[in-house]
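Comments concern the structure below.
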Amino acid sequence: MSDFSASGDLSGVKRVGRVEFSLYFALIFTLALGLHIVRWPVAMLRHLSVPKTGPLACAIKDARAITPMIFRG
């Protein structure tokens, strides 16, 4: 039996503009940065060592993961 589910026509797919994607990315990055700035010192005190990634790297990672999820739906 063949699987034909992945061989669809992509002409009906709506593309999202870079401006809209960048706007959502900036909003999510800002919110994530605020969260990680608070969370990073707590993790440092809890484990008595400096975490491998800083709050900026964690916020970028979260924004890169979450933003595309919004537009997939």
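Derivation of every value follows stated rules applied to the coordinates shown; laboratory data play no part. Just so you know, these numbers come straight off a predicted model, no measurement behind them. Cβ coordinates were reconstructed from backbone atoms using ideal geometry, including for glycine residues, and neighbour counts include every protein chain displayed.
Worth a mention:
- Protection proxy ranking, peptides 58-65, 41-48, 18-25, average beta carbon neighbours within 10 Å, highest first: 58-65, 18-25, 41-48
- Fully extending the segment from HIS47 to ARG72 would add 5.3 nm, taking 0.36 nm per residue of separation and subtracting the current Cα-Cα distance.
- Structural descriptor for region 18-72: relative contact order 49 percent, calculated from alpha carbon pairs under 8 angstrom and at least 6 residues apart.
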